[in-house]
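**Student:** Handing you a structure now.
The values are calculated or read from the model by the stated rules, or taken from the named source; none is laboratory data. Being a predicted model, the structure only gives us computed values, none of them experimental. Here the Cβ positions follow ideal geometry from the backbone for every residue, glycine too, while neighbour counts run over all protein chains shown. Just the protein is used for accessible areas: all its heavy atoms, side chains included, with ligands, DNA and RNA removed. Shrake-Rupley method; radii C 1.70, N 1.55, O 1.52, S 1.80 Å.
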Amino acid sequence: MTDPDHSIQNKARAVLQTHQQHLWSSTDRMFGALMLLQWLGCIAAAVVISPRTWEGTSSATHLHLWAAILLGGALALYPTYLVIRHPGSALTRTVITVAQVLFGSLLIHLTGGRIETHFHVFGSLAFIAIYRQRSLLLLAAAVVVVDHLARGIFWPESIYGVLSAPLWRSLEHAGWVVFELTFLILATNKGRREMLMNADREARLDVAHREVEQKVEERTSERYRHDRRAWHRAELQPGS
């Protein structure tokens, strides 16, 4: 006889996996559209802020515009390809996470380090939290911290719009990222617990429903055999 608790655990794992796969696939599709919108946004920012560069009396297309088109295209098109071909896969989620954070870095660079564009990073972390995976949040935060520290030291003009910046400025930005990350991980843990509870509840209802159906089937079969025996006995009686 099958152990009910074991059946419930197996069913709960299957239900949880189904819910997770649906969540991952739908979030991938959301990011697929977002990637293309961000690419267009980066191009628009480059066109408005710095479309041309001048050397004396001659002008040429600014490198920012080429960066928006080429680098932004690379960041947008490969994740979008993965969303179409491999929705819900671990590779797709990982590539989307890195690309989404790097889009923030590109946007900050294109706008000359404007403080407003730094909020793109915090928004990106919030969107990535929809996956409800701590590993993706930690990966995103690590990319942000490394990017801020590296560019803050070697290329502060790209991230702060100044020729030089003290190390504490990069550490301050990294600290705010860690601050948000703490709350997002708490929210992610809570969301996963709710998913586990819902999966367990659904599994218990399904197992209970199957047990009722099995009992009804057994009673029906038993009743049918009983009626068959009674009918057979009646046929064997004299004078019937």
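**Student:** Within segment 179-188, does at least one residue satisfy the condition of being in contact with a helix residue (DSSP H, G or I) (Cβ under 7 Å, 6 or more places away or on another chain), closer than 30 Å to Lys11 by Cβ, in a helix (DSSP H, G or I) and at pLDDT below 85?
**Tutor:** No, segment 179-188 has no match at all.
**Student:** If you take the residues in segment 57-67 that are outside any helix (DSSP H, G or I) and of a type outside the set (S, T, N, Q), which one is surrounded by the most Cβ atoms within 10 Å (Cβ to Cβ)?
**Tutor:** Residue satisfying both the conditions and the ranking: His62.
**Student:** Take the residues of segment 146-175 that are farther than 27 Å from Ser50 by Cβ and touching a helix residue (DSSP H, G or I) at 6+ places or on another chain (Cβ under 9 Å): which is least open to solvent (accessible area, probe 1.4 Å)?
**Tutor:** Ala174
**Student:** Could you identify the single residue in Leu70, Leu34 that is exposed (fewer than 14 other Cβ atoms within 10 Å of the Cβ), out of contact with any Pro (no Cβ under 8 Å at 6 or more places or on another chain) and at pLDDT 80 or above?
**Tutor:** None of the others qualify; the one that does is Leu70.
**Student:** Return yes or no: is Val145 part of a helix (DSSP H, G or I) and among the β-branched types (Val, Ile, Thr)?
**Tutor:** Considered against the rule, which asks whether it is part of a helix (DSSP H, G or I) and among the β-branched types (Val, Ile, Thr), Val145 comes out as yes.
**Student:** Among the candidates Ala46, Ala76, single out the residue that is open to solvent by less than 40 Å² (accessible area, probe 1.4 Å) and within 21 Å of Gly113 (Cβ to Cβ).
**Tutor:** Ala46
**Student:** Does Gly88 meet the test of being outside any helix (DSSP H, G or I), touching a residue at least 40 places away in the same chain (Cβ under 8 Å) and not hydroxyl-bearing (Ser, Thr, Tyr)?
**Tutor:** Yes; evaluated as a whole, the condition is true for this residue.
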